[in-house]
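Visitor: Got a structure for you, questions after.
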Amino acid sequence: MTTPTPVFPTGFRWGVSTSAYQVEGAAGTDGRGPSVWDTFAHQPGRIADGSTGDVACDHYHRYAEDVALMAGLGVDAYRFSVAWPRVQPAGSGPAEPRGLDFYDRLVDALLARNIDPVATLYHWDLPQPLEDAGGWLVRDTAHRFAEYADLVAARLGDRVRLWITLNEPFVHLSFGHGLGTHAPGRQLLFDAVPVAHHQLLGHGLAVAALRARTSSPVAITNNYSPVRILGHTGTDTDTGSGSGSGSGSDADRAAGAAYDALHNRLFTDPVLGLGYPPGLGPAPELVRDGDLATIAAPIDVLGVNYYNPTGVRAPEEGSPLPFELVELDGYPRTAFDWPVVPDGLRELLVGLRDRYGDALPPIEITESGCAYDDEPDADGRVHDPERITYLDGHLRAVRAAVDEGVDVRGYFVWSVLDNWEWAEGFTKRFGLVHVDFDTLARTPKSSYAWYRDVIARSRQDSA
Ligand code: PNW
């Protein structure tokens, strides 16, 4: 870095993120029931290293130490998720008070350190009994979700500063129900469409439930990936935002638009009142009168997760999908083999503003981060210069978007801790803090000190 990372306007919210199943552990503690991720992780062959989230970072028992690490960073906010199976072990019925007690303690520990609690209600851990009853394929799950939202808000509504209904419903739809690489492991391809409608309906019903219990702002978090249309000649015809205007063939551009609608619009257009993208709506019998209005309940913030753009071209003949995903060449790569494209974040933010205009609420970047193979050196220190470069580039991209007039209010690093990375188990480390998964010892990496300094300097210089 030749110049220091830019400062942000006064009040910009600096944060870090986690999710329940990835950090909490304590899978059988205090009455917690099983979720689809417990079931999935315990099936042989599902997880790269055969691990589970049974213990993970043991955040459930070590949250005080973790909150102290966050206080050391100087963050304004901690985005965590509430585990539905802790609150309703069977997915319905009265609250398990011991489950809510944990989040009560966590929220109070955060507030005592002046850290805003930002709570995601659903980060993919559906109670297994609801999955057994059809999961998100059935409409009832949306109503159960709103009932759960009410129970959580009744307990925490006075102290949580920002509510997020769903995390990345697109990834839950595509990986969990379309391809089967995430829990619950269903491989339905486009027959998974009801999962989209019922998640959206659950979101809308939960917004209403939250409004009845709290005056804090309410959001949904989606992940977005700007589409790069690649022709079969192999040339990258960068498209700018959205559906693309590259020089691929008409078929390539149609494939790009189809992928863009699925990944970037399916869970945003209906929430912002535009209805389903053409051709992607669920079968008419699935959508009842009033559903679209419920889904379009006003939100206060759009949560944006960004990791990388996606290369797309026309599919081979006979493909079950209307697009083919292609690797993007010419970029550095993370340990996940994801390309590092900071400007994709600027492109995405400006693209959202251009696409939705006045319908777009203020944005918070609820996840941004990268996996590298970080291990302690002989002195026990963990150096992760690639992560510093990654975060610096992405913060510059956010600053550039702000300068172009996009209303971005905050930035949350994924993640504060190395944690259990879904199908990759413990093999992908995303943390600012290293976790030894044998001893559970926490060691701040060099990126931790860097992020702390970025926050302190931004606060000082913008004040
Ligand atoms: C997000 N993709 O998941 C999740 O919200 C986190 O729980 C997760 O740990 C983090 O990103 C890192 O993976 C994603 O393939 C999973 O496009 C996959 C994709 C994007 C996000």
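The values are calculated or read from the model by the stated rules, or taken from the named source; none is laboratory data. All of these numbers come straight from a predicted model, not from anything done at the bench. Don't worry about glycine lacking a Cβ; one is built from the backbone with ideal geometry, like all the others, and counts go over all protein chains shown. The accessibility values were calculated without ligands, DNA or RNA, using every heavy atom of the protein model including side chains. Shrake-Rupley method; radii C 1.70, N 1.55, O 1.52, S 1.80 Å.
Visitor: Counting Lys +1, Arg +1, Asp -1, Glu -1, what net charge surrounds VAL16 among other residues with beta carbon under 12 Å of its beta carbon?
Guide: -1
Visitor: With every protein chain present, what accessible area does SER462 have (1.4 Å probe, heavy atoms only), rounded to the nearest 10 Å²?
Guide: Here the accessible area works out near 30 Å².
Visitor: For SER462 paired with ASP438, estimate the spin-label separation in nm (one decimal), with each label point 7 Å from Cα along the Cα-to-Cβ line.
Guide: Going by the 7 Å Cα→Cβ label model, 4.2 nm.
Visitor: Oh, and also: Which percentage, to the nearest 5, of the DSSP beta bridges contained in segment 13-462 is antiparallel?
Guide: Of those bridges, close to 20 percent are antiparallel.
Visitor: Here's something else I'd like to know. Summarise the accessible area of segment 13-462 (1.4 Å probe, protein heavy atoms) by the percent that is carbon and sulfur.
Guide: 51 percent
Visitor: Let me ask you something else. By how many nm would the segment from GLN43 to HIS143 grow when fully extended, if each residue of separation counts as 0.36 nm and the alpha-carbon distance is taken off?
Guide: Residue separation times 0.36 nm, minus the Cα-Cα distance, leaves 33.1 nm.
Visitor: Here is a further query. Once fully extended, how much extra length lies between ASP300 and ASP54, figured as 0.36 nm per residue of separation less the alpha-carbon to alpha-carbon distance?
Guide: 85.1 nm
Visitor: Okay, moving on. Taking Rh as the Kirkwood radius computed over C-alpha pairs, what is the Stokes-Einstein D of segment 170-210 at 20 °C in a medium of viscosity 1.002 mPa s, expressed in µm² per second?
Guide: Roughly 207 µm²/s, to the nearest whole number.
Visitor: Considering only protein heavy atoms, with the full assembly of protein chains and a 1.4 angstrom probe, order GLU285, GLU316 by accessible area, largest first.
Guide: GLU285, GLU316
Visitor: So how much slack lies between ALA293 and LEU280, counting 0.36 nm per residue of separation and subtracting their Cα-Cα distance, in nm?
Guide: Contour length minus Cα-Cα distance gives 2.9 nm.
Visitor: Determine, from the Cβ-Cβ distance of GLU424 and HIS383 and an R0 of 25 Å, the FRET efficiency 1/(1 + (r/R0)^6), rounded to the nearest 0.05.
Guide: Given R0 = 25 Å and the Cβ-Cβ separation, E is 0.65.
Visitor: Skip the ligands, DNA and RNA, and give the accessible area per residue of the chain with a 1.4 Å probe, whole Å².
Guide: Computed with neighbouring chains in place, this is 36 Å² per residue.
Visitor: Assuming a viscosity of 0.692 mPa s and a temperature of 37 °C, what translational diffusion coefficient in µm² per second does Stokes-Einstein assign to segment 55-154, Rh being the Kirkwood radius over Cα pairs?
Guide: 226 µm²/s
Visitor: Mind computing the radius of gyration and Dmax over the alpha-carbon atoms of segment 13-462? Å is fine for both.
Guide: That works out to 20.7, 64 Å for Rg and Dmax.
Visitor: Here is a further query. Net charge around ARG86, counting only other residues with Cβ within less than 10 Å of its Cβ (Lys, Arg = +1; Asp, Glu = -1)?
Guide: Here the charged neighbours net out to -3.
Visitor: Dividing the alpha-carbon radius of gyration of segment 311-463 by 2.2 N^0.38 Å (N being the number of residues), what value is obtained?
Guide: It is 1.22.
Visitor: Okay, moving on. What is segment 13-462's relative contact order, in percent, from Cα pairs under 8 angstrom and six or more apart in sequence?
Guide: Computed over segment 13-462, the figure is 16 percent.
Visitor: Continuing with the same structure: In deg cm²/dmol, rounded to 500, what helix-only [θ] at 222 nm does the chain give when every DSSP H run of at least 4 residues adds -39500 (n - 2.57) and the total is split over its residues?
Guide: Per the formula, -10000 deg cm²/dmol.
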